[in-house]
Amino acid sequence: MINRKWLTLMLSAGLVASLAGCGSSRNTNEERAAGSSAEQTTGTQTESGSKPELKTLNLWSKDDYNTYTLAKVVEEKTGYKVKYEMLPADKAMDKLNLLISSAEPYDVITINGEKAVYTDYAKMGALVDLTPLIDKYGENIKASISPESFEAMKVDGKIYAIPNRASEFAGSSLMIRTDWLDKLGLKMPTTLDEFTAVLKAFKEKDPGGNGDKGAPLSIDGAMATMVNVTGAFGIATSWNIVDGKLVAAPVHPGFKEYLSYMADLYKQGLLDKEFAVNKDATLKEKFTSGRVGVIPLAWYDIPGIADALTKNFPDAKYAYVPALKGKDGQAGIGMSGGFDRLTFIPKSSKHPEDAIKWINAKLDKETFKLIAIGEEGKHFTYKDGVYSPILPLFTDERGLASNYLTGIDEKLYPVYWQARVQKDPRLFAGFTFLNKEIPAEFRISDPLALAPSLPEYSKYNASLNQMINDFAVKVIVGEESTDAMAAFVEKYNAAGGEASAKEVNEWYASVKK
Amino acid sequence: MTKRTKGDLLLDTGVYLFLIALGLMMLLPLASVFSKSVSEEWAITSGKVGILPVGFQLDTLMQVISSSLFIRAFCISVGVTAIGTLISILMTALTAYPLSKRKLPGISFIMVLFIFTMLFSGGLIPNYLLMRQLHLINNLWVLILPGMISVFNMLVIKSYYESLPEALEESARIDGAKTYTILFRIILPLSMPVIATIALFYAVGYWNDYFGPMIYINETALKTLQLYLQDVVMDANSANLTNKSVDDLMNMSPEGIRAATVVASTVPILLVYPFMQKYFIKGVLIGSVKG
């Protein structure tokens with residue numbers, strides 16, 4: 001009895017205390033915020049002569065930013081001492097939200113190219129408007145970054161971030177066991193029909209000799225829209241141009257044909273029966289253990305695959321399938337583009353001007369080259385316009401260089417960057433094939449790569465992609481027929497597809513003019 | 001001794017088989033991670049590594065153990081665990097002692113205060129704000145001070161104290177011992193089984209603490225081992241791959257490294273168990289019966 005009375009008393013006391021606590025803490029926060037902004041303005045005035053220590057927040061990296069060789073190089077060249085902190089690898093954006101909303105005094109924050117996150121912060125008023133700062137202190141910034149990229153950064157006409165534009169390239173295609181082709185006396189397929197024929201031969205004649213007659217082709221269950229093959233149906237990227245308008249894959253007429261082609265492969269037993277539950281690792285496992293002969297693979301995964309494959313089958317050979325041509329000669333491999341990193345200055349920064357000066361100093365031509373690829377003769381060699389890395393020093397001291405780049409020289413960096421791809425000759429061969437040997441007209445750019453943040457589009461994009469994938473898997477395994485397509489498109493449009501298309505096309509029309 | 005019937009035998013066999021199966025179910029994933037950490041990368045990629053390692057090598061483990069981030073995180077975790085356990089066990093034992101005396105004035109009120117904290121807490125955001133006001137963000141004490149005394153553990157020790165015969169204290173008092181002498185020379189030595197058990201609880205808790213450091217520690221130099229481990233493992237999680245740039249993808253750690261990191265951060269705390277085993281079972285039993 002007594003206990004219960006105490007408990008009620010405690011409960012009500014706790015409630016009152018927590019209410020009072022919330023109220024007062026909000027007040028102190030506002031006071032603090034007001035105080036810090038006042039501090040900030042006075043701070044920058046008094047410190048204009050000396051260089052303060054900058055505090056930066058970066059993406060997770062397997063090495064400590066502060067002790068990696070480049071930290072010293074950057075400090076020597078810019079004259080700024082920098083304290084680097086990292087976001088966690090998992091749920092980085094949640095943590096960033098916490099830090100931004102508690103106004104931690106970071107001077108520079110660099111995140112992945114997630115325009116939506118950046119735009120949210122800019123709209124919330126959490127970021128410093130960089131437009132006047134770049135005009136005043138950003139000579140190198142203006143020389144390095146194209147107006148086109150800045151245009152994509154604009155939120156309500158103001159620039160709040162400095163982008164690292166990604167090199168545009170084809171990232172993956174279908175990898176095929178060429179020793180299997182040779183064994184059966186087949187040629188590398190160049191059209192969709194030839195590709196189907198090769199798969200049939202792989203299944204029937206079992207060149208891998210594993211006797212189980214399993215399907216020769218496997219894909220990742222989360223990526224039921226298969227690279228390269230989609231190109232033969234005109235849907236190489238998730239938005240494609242039809243009659244001067246951008247059309248999303250499921251609305252595109254090629255999507256239905258693609259699905260019926262894949263469903264047919266599945267029915268004939270040419271596509272892995274278990275593909276829907278495949279993860280990236282299972283896919284690689286099946287390919288390197290010789291159970292399947294064709295998988296979609298990114299060129300940066302080639303070294304690991306090649307190691308395992310040659311250990312298991314010393315005679316194994318592999319190559320990328322060229323862009324497969326569909327009925328009317330249509331073909332294509334989608335390219336990625338857009339932005340690798342975005343760098344911005346939060347309002348809580350104590351030294352926004354110094355932060356811009358620091359970013360500007362890093363984009364000085366010589367300094368930028370030194371950070372990006374190092375010294376000639378020590379980290380790289382230069383011959384005939386090609387930068388080749390000197391291993392292993394290049395990997396040891398410049399392997400993580402992209403972490404230190406806040407803004408890039410958009411003309412020179414793509415050339416420098418190829419030194420990175422030459423780390424491994426097998427990887428380089430794959431990269432070269434996809435990006436030099438496949439004719440340019442078959443390498444399809446992502447039309448949305450340089451779009452500014454489109455709120456409707458980014459709101460629905462993830463859920464719509466999930467929807468498309470789920471539907472594609474269902475059709476391929478025969479659970480739904482392609483006749484369900486019309487109903488699906490309706491559902492897709494209602495779930496935000498139509499709103500996205502409207503917004504995307506409004507933007508597209510505005511840049512095409 | 002009664003004779004075992006066939007039914008008993010059957011039941012025993014069934015129980016043993018079930019327990020062995022259950023044990024294996026828990027052991028096998030661990031064994032698989034362990035063998036991945038000592039296998040060669042090509043074997044992992046092609047899915048050849050199951051329970052036994054393929055192409056035994058220790059380079060991956062050595063590479064993980066010699067990484068400066070790992071060493072620093074490891075030292076921090078060891079430090080927090082050692083100091084935290086020491087402080088926690090001392091404070092818990094000291095708190096439990098007066099509360100084990102039924103004659104203590106206002107004891108029911110004080111007990112309600114303690115029990116209250118078991119049931120209710122301020123929630124994450126108020127806690128974060130509080131820690132910030134206390135300047136405990138990016139301070140390792142934040143991992144120790146707020147959770148210094150676990151009320152549950154305190155109750156276990158308290159009930160153990162209560163189970164000790166009162167005559168012991170009376171006789172000590174007659175011999176002229178004061179309260180602290182009684183506590184440190186008589187009560188605590190007698191309570192070693194439960195103290196050791198609770199110490200193990202605390203140690204494992206501090207070692208495995210992931211949530212606290214994730215929320216309160218931003219500075220790279222102060223990251224604990226569990227944070228480091230989470231980073232290494234989750235870096236390859238598909239949800240975190242979508243926005244990665246190619247450079248980041250090229251720099252990703254292979255699966256062998258991830259497995260080795262798991263092993264290197266789990267084994268140390270596993271080594272503590274055998275030393276505590278004999279206290280462990282006894283202590284929990286006594287606490288639970290009297291609790």
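Rank B:Gln63, B:Ala93, B:Phe74 by how far each Cα sits towards the positive end of the charge dipole of region B:58-290 (+1 on Lys, Arg Cβ; -1 on Asp, Glu Cβ) and give me just the farthest. In region B:58-290, that residue is B:Ala93. Inter-chain Cβ neighbour count for A:336-349, averaged per residue, equals 1 (cutoff 10 Å, partner chain atoms only). Overall, region B:58-290 carries a charge dipole of about 860 debye about its Cα centre when +1 sits on the Cβ of Lys and Arg and -1 on the Cβ of Asp and Glu, all other atoms neutral.
Hey, what angle do you get for helix B:192-208 against the long axis of chain B, alpha-carbon based, 0 to 90 degrees rounded to 10? Orientation of helix B:192-208: about 30 degrees from the principal axis. Other protein chain C-beta atoms within 10 Å of residue C-beta, averaged over A:305-314: 4. Within 10 Å of the Cβ of each residue in A:397-403, the mean number of Cβ atoms contributed by other protein chains is 2. Using alpha carbons only, how many degrees (0 to 90, rounded to 10) separate the axis of helix B:124-133 from the longest principal axis of chain B? Computed tilt is about 80 degrees. Cα-Cα over 22 Å: which of A:Lys72/A:Lys357; A:Lys347/A:Lys459; A:Lys123/A:Lys411? Over 22 Å Cα-Cα: A:Lys347/A:Lys459; A:Lys123/A:Lys411.
The calculated FRET efficiency for A:Glu76 paired with A:Asp135, based on their beta-carbon distance and R0 = 35 Å, is about 0.80.
Put simply, when A:103-113, A:80-90, A:479-489, B:97-107 are sorted by average Cβ atoms within 10 angstrom per residue, most first, you get A:103-113, A:80-90, A:479-489, B:97-107. In order along region A:127-144, the phi-based Karplus estimate (6.51 cos²θ - 1.76 cosθ + 1.60, θ = phi - 60°) of 3J(HN,Hα) comes to 10, 7, 5, 8, 3, x, 5, 5, 4, 7, 10, x, 4, 5, 4, 5, 6, 8 Hz; Gly and Pro are listed as x. Neighbours of A:Val477, meaning other residues whose beta-carbon lies under 13 angstrom from its beta-carbon, give a summed charge of -3 when Lys and Arg score +1 and Asp and Glu score -1. Of the peptides A:494-504, A:405-415, A:181-191, the order by per-residue mean of other Cβ atoms within 10 Å, starting with the highest, comes out as A:405-415, A:494-504, A:181-191.
A dipole drawn for the protein assembly as shown from +1 and -1 charges on Cβ atoms has a positive end, and of A:Ile141, B:Asn139, A:Thr237 the residue lying farthest that way is B:Asn139.
Equivalent-ellipsoid semi-axes for chain B (Cα gyration tensor, √(5λ), whole Å, largest first): 42, 30, 17. A helix-only calculation puts the protein assembly as shown at -17500 deg cm²/dmol for mean residue ellipticity at 222 nm, using -39500 (n - 2.57) for each DSSP H run of at least four residues, averaged over all residues.
Based on C-alpha pairs under 8 angstrom that are at least 6 apart in sequence, region B:58-290 has a relative contact order of 36 percent.
Dipole check for region A:70-156: with +1 at the C-beta of Lys and Arg, -1 at the C-beta of Asp and Glu, and the Cα centre as origin, the magnitude is about 180 Debye.
For A:Trp60, the residues whose amide H sits under 5 Å from its own are A:Leu87, ignoring neighbours fewer than 5 places away on the same chain, with H placed 1.01 Å from N. Placing unit charges on the Cβ atoms only, positive for Lys and Arg and negative for Asp and Glu, gives the protein assembly as shown a dipole magnitude near 2140 debye about its Cα centre. Of B:Phe18, A:Thr67, A:Gly334, whose Cα points farthest to the positive end of the dipole of the protein assembly as shown (charges on the beta-carbon: +1 Lys, Arg; -1 Asp, Glu; origin at the Cα centre)? Ranked along the dipole, the leading option is B:Phe18.
With a cut-off of 10 Å between beta carbons, the residues surrounding A:Glu285 carry a summed charge of +4, where Lys and Arg count +1 and Asp and Glu -1.
Under the shape rule built on the C-alpha gyration tensor, where the axes satisfy a ≥ b ≥ c, region A:309-362 is oblate, since a/c reaches at least 1.5 while a/b does not exceed b/c. Total lysine pairs in region B:58-290 at Cα distances under 21 Å, for residues eight or more apart or on different chains: 12. Counting every other Cβ atom within 10 Å of each residue's Cβ, B:Ser171, B:Ser46, A:Ser336 order from fewest to most as B:Ser171, A:Ser336, B:Ser46.
Between B:Leu168 and A:Ser101, the C-beta separation translates, for a Förster distance of 51 Å, into a calculated FRET efficiency of about 0.35.
Placing pseudo-labels 7 Å out from each Cα toward the beta carbon at A:Lys200 and B:Ile215 gives an inter-label distance of 6.3 nm. Net charge near B:Tyr180: determine it from the other residues with C-beta under 14 Å of the C-beta of B:Tyr180, scoring Lys and Arg +1 and Asp and Glu -1. Once positives and negatives cancel, what remains is +2.
Bear in mind that the values in this text are calculations on the coordinates, not laboratory data. If you're wondering where the values come from, they're calculated on a predicted model, not measured in any experiment. Counting neighbours? That spans all protein chains shown, and the Cβs are built from the backbone with ideal geometry, glycine included.
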